[in-house]
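The values are calculated or read from the model by the stated rules, or taken from the named source; none is laboratory data. Source: prediction; values computed, not measured. Cβ: placed from backbone, ideal geometry, glycine included. Neighbour counts: every protein chain shown. For accessibility, only protein heavy atoms count, side chains too; no ligands or nucleic acids. Shrake-Rupley method; radii C 1.70, N 1.55, O 1.52, S 1.80 Å.
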Amino acid sequence: MTAGCDGAADGPTAGGEADRAAVPGGWAALRLAEFLERVSVLPDASAAASAAVEEAAEALEAELVGLVGAGGVLAAVGYPAGRVPEAELRAAAAGQRPQLDVPGVGPCGVLTVPVVGEEATLVLARSGAAFSRTEVGLARAMARVLGLTLGMRRMIDAERALRAESERQGRERARLLAEVRGRQRLLERLYAIQRAISHRAPVQDVFDAITEGASVLFGDQVVGLRLLDEDHPGSVRLVSSRGLSPAEVEAVGRSPIGEGAGGLAVAEGRLVVWDRYARADAPIEHFARAGLRAAMAAPVHQDGQVVGSLVVASYDRSDGYGRDEQSMLLAFAEHASIALNDAGALEAMRRAFDDAVRRATHDHLTGLPNRTLVLDRLGHALARAARPQQPVSVLFIDIDRFKAVNDSFGHGAGDRVLREVARRLRDVVRPEDTVGRLAGDEFVVIGEDVGEGAARDMAARVAAAIAEPMALEGRELVITASIGVVGAQGSSDPEGVLQDADVAMYRAKEQGRNRVQVFDQALRTVRLARLDLEHDLRRALRRGELAVHYQPAVWWPTGAVIAVEALVRWEHPDRGILPPAAFVPVAEESGLIVAMGEQVLAEACRTLADVRADRPELDAVRMAVNLSARQFADPDLVDTVAAALLAAGLPPEGLWLEITESVLVEEAEAVSTFRALKDLGVHLVVDDFGTGFSSLGYLRRFPVDVLKIDRTFVEGLDSSAEDRAIVSAVLALAGALGLAVIAEGVETAAQRDQLDRLGCHAMQGLLFGPAVPAAELGGLLARLQQPGGLRAAHGAAASSWAATRSSTSSRP
Ligand code: C2E
Ligand code: CA
Ligand code: CA
C-alpha cells in the first residue's frame, strides 16, 4: 500500500483498519512523544536519521524502514549492514513498489511518507496486516518531525559555518537564527501537545494546547481550532481559540462549512492561505469588517476524514505567510489530528470507565449512591471524624408498609414513590451530606459534622418531608418512614455503623413505625447479644443441638388427630431448652433460618413417616411445618421440600407448609413458588390468620388450603363479642372460599365449646396437649386416639378433613 502525500489535500486512506487508535493509552500519541524526544535532541543529522528509522520501525512494527534522500539511502534498518538494496528502496520511495520482498521475511506491504522540506522519503515495509489509518497518520507525523529536525540541524550547521566565515553576513545569520529558534519552539510545542495527550489530559486541554502552541509559534493575534459540529450538520464549531473576546467567540463560534479560511479548509480538505482576507472568496463577515489582514488554515483529520481545521490569522501581517510557515501550520495540524484521534480514544475510554464506575456505585432507579458508595463515603467521613471534634451521624430510613404500596398500586408506582422519596431526601439535607439507597425501600443519610442534637433535627426534617402527601395514580398518598439514628464519631467500621443505624430503625418499626429512634447503649447491648446468639446458633446447627417437638391438632368432638405441627427447639448446653422466640428472629435476620428450616423439614418428614409405618391407622395425620419469609424467598425451597419428602418416603399430601399472612401480602413473587409447591402436592396453610394486613385479596391469588385462626382471637372467645364476630366472619369467609380452618391456642374447655358452637371443629392448643419430643409423639397420638383419652373414636370426618378444599371444618 502506498500513501503518497503532499501534506495538503488528503483523502481517506484505504487499507486495513486494525486500528490501534482504540488501543488503551493513546498508542500513537505515546509513540510520537517518544519519537520527538529521541529525534529532537540528537546532535547531528545522520544520528537523527538513524534514530528516526529505528523508532519508526519499532512503533509501526515494520520489518524494513529506510530513509531515502536525493543522493541515496540516508539510513535504514532491517537489512544486514552492507546489504541494503539501494535500487529497490529508491524505487519504493518513488512510488514504484507497492510491495518489497524482504529477505528472510517475504513480501511486505509498503508505506511511503515524504519528509517535508528535506527532499527525502521515509519508506516502511511490513508483512502481515496493512497499515491502518492511525498508523499512516503516525508515520506522517514522524516524517514531519524528522523533516523539522533535519532542517534545524542543517541551519544550525550553516549558522556555525557562517559565524566562522564572517561577521559581514550578519543579516542572513539573524534570519537563520530566528528560523532556528522558531523551529525549536515548534518542536517544543509539538512535544507539549504530545505530553498533554500521553498524560491523559482531558480532551479540552489537548485542544487548548494546540491553539496555545500555534499562537506562540506564529505570533498571530487569532488562532482557532474548529471541528465539525455533530449537532448541526454542515457547520463547524470553534472548540478552542486564542485572541477572541467572549463576544466574538459567541459571534463566530459556529459557522457553515466553506465559510472563512477554516471552513474552506474543511470543505476542500486542503491548506488555505489568504494573504488579503477581505478579498478572499468566502471570508467570515465579522472578521472582514474587523479588518483581519491574513489568514491560513490547515485541515485536521480523524480516521482519515477531514473533521476540522486549525486557523491562524493576523490583523497586521502585510506580507502573508511564507512557505516555512505554511509547512509549520501543516505540521501542527497533523499533530492536532494525532491528538484528536488519540484524545478521542482516550475520551471514549474515560467515558466508558466513568460509566462503569457510575453503574457500580449508584442506584439505577434513583441515581443515588448505592450501598457500596455509601460505605465508602461513610468510611471517609469516619476517618475525618476520627481527627478533631467532628461528629458523623447516620440516618437509616425505611419506608413504612412500602410493600403495600407496591401491591395496591403496582411496581411502577412503587418505583415512582422511591424516586420521589430520593428527591425529597436530597432536598432536605445539605449538599455536602450523602444520601444513598441501600436496597428496596431503605435509604441512608450521612451527615458530616452533625452531632446528636442536629441529627435528631435532621431526622425530623426527613420524616416531615417524606410524610408530605404525594400524588400517585390520581390519588393522594401519605407515606411515613421509620428512622434509626446513630452518632458515629470515633468508630472506624462503616458496616458496623450502618448495622447500628439499622438496629435503631428496626426498633422504631417495632414501636409502631413512623418514628425516630436513636441508637443508644441499650440497643448496643441488644445488638451485641444478638451477635453472640448468632454465633452460638451457627455452632448449634453444626452440633445438632436443634430438636423438633410436635403438637397435635385434633377434630372435636371426635378427638381424632388431624395433624401435628413441628415446632423447633434449641437444646442449649447451658441454658436448657429454648423456645423459637429466643432464636428464630436472629436466625431469620442472619439467614441461618434457611439451613435451620431444612433440618426441621427433613426431621419432621422422617418423624411422620416413622409414625405412619408403626401405626398404619394414623395415615391420615399430616405434618405441619412452619416456613419463614426468608425461606420462602429461597430459590431452592421447592427442591428442598421435594428432597425432604423423597428422603423420608412421605407422600406430598402428608405435608402442610405454614406461612404467615405477611409473606403472602409482601412477596408479590411468592405466587409462583406457591404454585410450584402446590404442583408438588403439598398443602398450604396461612398461619396466624387475622393478625396481618387487612387485605384479603391474596386469598384469591394464592392457592391456600387451610387458615389457622390466631391464638389472640381464640383467647377472647368467651369474653369478647368482637372476637366471636371475627371468628364467625373468618369461618364464613373460609366456607365461601372452600378453605379449612383450624383454631390455635385452645386452652380451655369453654373456648373449645364456643368454637364447636360456631362450627369450628379443628383445634390445636394446650387443652389437647403441648408440643412433645419425637420420642413421646407415638405415645401421645396413641393416647389421643384411645377411647376415653379424649373422646371416642376416629371419625370419618377427620380422615377426609382437609384432603380437598371442598371439605371444610366450617360447615356445621
Ligand atoms: P406458631 O406457628 O403460631 O406456633 C404455635 C405456637 O403456639 C407454638 O409456640 C406453640 O407451642 C404455641 N402454643 C400451642 N398451643 C398453645 C396454647 O394453647 N396456648 C399458648 N399460649 N401457646 C400455644 P412455639 O413453639 O414457641 O413457636 C413459636 C413460633 O415460632 C411459631 O408460632 C412459629 O411461628 C415459630 N416456629 C416454630 N418452629 C419453627 C420452625 O421450625 N420454623 C420456623 N420458621 N418458625 C418456627
Ligand atoms: Ca404455625
Ligand atoms: Ca400460629
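Tabulated data for the structure shown
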item	result
Boolean, residue 372 is in contact with a helix residue (DSSP H, G or I) (Cβ under 6 Å, 6 or more places away or on another chain) and open to solvent by 40 Å² or more (accessible area, probe 1.4 Å)	yes
Residue list for the range 648-664, restricted to those being away from ligand 3 (no atom under 16 Å from the Cβ), surrounded by fewer than 16 Cβ atoms within 10 Å (Cβ to Cβ) and small (Gly, Ala, Ser)	649
Those strands (runs of 3 or more DSSP E) lying entirely in the range 529-592 with at least 3 residues more than 16 Å from ligand 3 (Cβ to nearest atom) and touching a strand residue (DSSP E or B) at 6+ places or on another chain (Cβ under 8 Å)	546-555, 561-572
Conditions (1) more than 54 Å from the chain's Cα centre (by Cα); (2) in contact (Cβ under 8 Å) with a residue 60 or more places away in the chain; (3) within 16 Å of ligand 3 (Cβ to nearest atom): number failed by residue 740	(1)
Subset of the range 78-102 (residues that are of a type in the set (A, V, I, L, M) and crowded, with 19+ Cβ neighbours inside 10 Å)	89, 92, 93, 100, 102
Some residue of the range 788-798 being under 19 Å from residue 687 (Cα atoms), surrounded by fewer than 18 Cβ atoms within 10 Å (Cβ to Cβ) and either at pLDDT 90 or above or touching a His at 6+ places or on another chain (Cβ under 8 Å) (or both)	no
The one condition in (1) modelled with pLDDT of 90 or more; (2) more than 25 Å from residue 134 (Cα to Cα) that residue 219 fails to fulfil	(1)
Subset of the range 259-305 (residues that are of a type in the set (Val, Ile, Thr) and in contact with a Lys or Arg (Cβ under 9 Å, 6 or more places away or on another chain))	266, 300
Flag for residue 724 being charged (D, E, K, R), more than 16 Å from ligand 3 (Cβ to nearest atom) and under 48 Å from the mean Cα position of the chain (by Cα)	no
Residue check, residue 75 among the hydrophobic types (A, V, I, L, M, F, W, C), in contact with a helix residue (DSSP H, G or I) (Cβ under 9 Å, 6 or more places away or on another chain) and outside any loop (DSSP other than H, G, I, E, B)	yes
Residue among 78, 82 that alone is under 50 Å from the mean Cα position of the chain (by Cα) and modelled with pLDDT under 85	78
From 282, 290, 267, 209, residue being over 29 Å from residue 140 (Cβ atoms), open to solvent by 10 Å² or more (accessible area, probe 1.4 Å), among the small types (Gly, Ala, Ser) and out of contact with any strand residue (DSSP E or B) (no Cβ under 7 Å at 6 or more places or on another chain)	290
Test: residue 557 is more than 16 Å from ligand 2 (Cβ to nearest atom), more than 46 Å from the chain's Cα centre (by Cα) and farther than 25 Å from residue 741 by Cα	no
Total residues in the range 567-593, condition more than 10 Å from ligand 1 (Cβ to nearest atom), farther than 22 Å from residue 552 by Cβ and open to solvent by 40 Å² or more (accessible area, probe 1.4 Å)	4
Output for the range 310-323, where each listed residue is open to solvent by less than 60 Å² (accessible area, probe 1.4 Å) and not in a strand (DSSP E or B)	317, 320, 321, 322
In the range 581-602, the residues that are within 16 Å of ligand 2 (Cβ to nearest atom), under 19 Å from residue 640 (Cβ atoms) and not β-branched (Val, Ile, Thr)	587, 588, 596, 597, 601
Candidates 254, 242, 293, filtered to the one that is in contact with a Ser or Thr (Cβ under 9 Å, 6 or more places away or on another chain), under 15 Å from residue 211 (Cβ atoms) and among the charged types (D, E, K, R)	242
Residue list for the range 458-495, restricted to those being within 28 Å of the chain's Cα centre (by Cα), part of a helix (DSSP H, G or I) and surrounded by 14 or more Cβ atoms within 10 Å (Cβ to Cβ)	462, 466, 494
In the range 611-647, the residues that are surrounded by 16 or more Cβ atoms within 10 Å (Cβ to Cβ), more than 16 Å from ligand 1 (Cβ to nearest atom) and more than 39 Å from the chain's Cα centre (by Cα)	611, 612, 618, 620, 621, 645
Any hit, the range 659-676, residues being modelled with pLDDT of 95 or more and either under 38 Å from the mean Cα position of the chain (by Cα) or within 13 Å of ligand 1 (Cβ to nearest atom) (or both)	no
Cβ pairs under 6 Å, 6+ apart, first in the range 513-537 and under 26 Å from residue 466 (Cβ atoms), second open to solvent by 70 Å² or more (accessible area, probe 1.4 Å)	517/507
Residue check, residue 453 outside any strand (DSSP E or B), without any contact (Cβ under 8 Å) to a residue 24 or more places away in the chain, open to solvent by less than 30 Å² (accessible area, probe 1.4 Å) and of a type in the set (Gly, Ala, Ser)	no
Single unsatisfied condition, residue 711 versus (1) within 15 Å of ligand 2 (Cβ to nearest atom); (2) open to solvent by less than 40 Å² (accessible area, probe 1.4 Å)	(2)
The range 743-783 - residue that is within 11 Å of ligand 1 (Cβ to nearest atom), in a loop (DSSP other than H, G, I, E, B) and buried (at least 16 other Cβ atoms within 10 Å of the Cβ) and, of those, nearest to the chain's Cα centre (by Cα)	744
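Matching residues to (1) more than 18 Å from residue 241 (Cα to Cα); (2) at pLDDT 90 or above:
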| site | (1), (2) |
| --- | --- |
| 275 | yes, yes |
| 278 | yes, no |
| 323 | yes, no |
| 329 | no, no |
| 339 | no, no |
| 351 | yes, no |
| 357 | yes, no |
| 362 | yes, no |
| 366 | yes, yes |
